[in-house]
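A short write-up of the structure that comes next.
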Amino acid sequence: MSSPDSTAEAAAMSETAPATVLVFDSGLGGLTVFREIAAVRPDARFVYLADDAGFPYGNLPEPALIARVRDVLGAAISAHAPDLVVVACNTASTLALTDLRARFTVPFVGTVPAIKPACARSVSKRIAVLGTQATVSREYTRALIREFATGCDVVLVGSPRLAGYAEAELAGHPVSDADIGAEIAACFVDADGRRTDTVVLACTHYPLLVERFRATAPWPVDWLDPAPAIARRVAALLQDRAAAANAPPPQIAFTSGQAPSPALAKALQAFGFYPAA
Ligand code: DGL
């Protein structure tokens, strides 16, 4: 027979269901955000959704991207009933967040270029924003610069290839230093006696390549990854949810329906995912 205390404890435990967090990206870049969130709320139930059938988002026309994100996320919200959705993609967040918040009642956390902290942190007051061509050309990004970059020189660098390179590396197909160096070269400005000292990683795929960036950069800079700040925001939104006792293993799904290659499956294991082969 159980004591009153242990009965009360058991009842409380069964009531503390894990919060469900849906993390979404066009591909695997959002894993760089997922790993930070999982570190601060390891008790949550995570569903990671990669819209690989739509990758790369940087190449999609804006109306098509808004409609696609709405449809893919709408289906995922119905299927998983998340408590919170993290749009772990700058290309989607800088365009579709307003529409998503108007359509769905679940709270959204977006990922947008970290221009404000970069300008605050920069000593030379010369920064670069490295993102997809779509993200750096968005009005949302320009507005962040107008609002938060006063007194700081900002160069916008749109890369058509880096997100694909990050996917290739994860799938076991390394990219050369020369190819990586060519994509980041425009970030490095040396003018008026001031050099770029901070580069905003404005695409969630890029932290996957940051060691390659460090190795190919013409001089050392601070590579600003916004993922820890996003994780803090998620933790704040979930602070009223008590830690659940038994978090299920994180799930990963691909809109293509394709099973990952053996090399990719191995890379995913490093993030805690064991997708069905
Ligand atoms: N990971 C995405 C981002 O943060 C973009 C990659 C793409 O699909 O073009 O912008």
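Things to note:
- Complete set of residues in the stretch 54-94 that are closer than 16 Å to PRO160 by Cβ and more than 15 Å from the ligand (Cβ to nearest atom): none
- Scanning the stretch 188-195 turns up no residue that is touching a strand residue (DSSP E or B) at 6+ places or on another chain (Cβ under 9 Å) and buried (at least 22 other Cβ atoms within 10 Å of the Cβ).
Residues are listed down the side, and each one gets a yes or a no for (1) surrounded by fewer than 16 Cβ atoms within 10 Å (Cβ to Cβ); (2) touching a strand residue (DSSP E or B) at 6+ places or on another chain (Cβ under 8 Å); (3) part of a loop (DSSP other than H, G, I, E, B):
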{"residue": "VAL200", "(1), (2), (3)": "no, yes, no"}
{"residue": "PRO220", "(1), (2), (3)": "yes, no, yes"}
{"residue": "PRO228", "(1), (2), (3)": "yes, no, no"}
{"residue": "ALA236", "(1), (2), (3)": "yes, no, no"}
{"residue": "ASP240", "(1), (2), (3)": "yes, no, yes"}
{"residue": "PRO248", "(1), (2), (3)": "yes, yes, yes"}
{"residue": "ILE252", "(1), (2), (3)": "no, yes, no"}
{"residue": "PHE271", "(1), (2), (3)": "no, no, yes"}
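- Within the stretch 201-245, tally of residues that are hydrophobic (A, V, I, L, M, F, W, C) and either on the phi > 0 side of the Ramachandran plot or more than 16 Å from the ligand (Cβ to nearest atom) (or both): 13
- Residues that are assigned to a helix (DSSP H, G or I), free of Cβ contacts under 8 Å to residues at least 60 places away in the same chain and either of a type in the set (D, E, K, R) or within 14 Å of the ligand (Cβ to nearest atom) (or both), drawn from the stretch 136-162: SER137, GLU139, TYR140, ARG142, ARG146, GLU147, LEU162
So that you can scan it fast, the table gives a plain yes or no per residue for (1) more than 12 Å from the ligand (Cβ to nearest atom); (2) part of a loop (DSSP other than H, G, I, E, B); (3) surrounded by 22 or more Cβ atoms within 10 Å (Cβ to Cβ):
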position	(1), (2), (3)
ALA102	yes, no, no
THR111	no, yes, yes
PRO117	yes, no, no
LEU130	no, no, yes
ALA134	no, no, yes
GLY164	no, no, no
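All of the numbers you see were taken from the coordinates with simple rules; none came from a lab. Owing to the predicted nature of the structure, the values given are computational and were not obtained by experimental measurement. Positions of Cβ are generated from backbone atoms using ideal geometry, with glycine treated the same way; all protein chains shown enter the neighbour counts.
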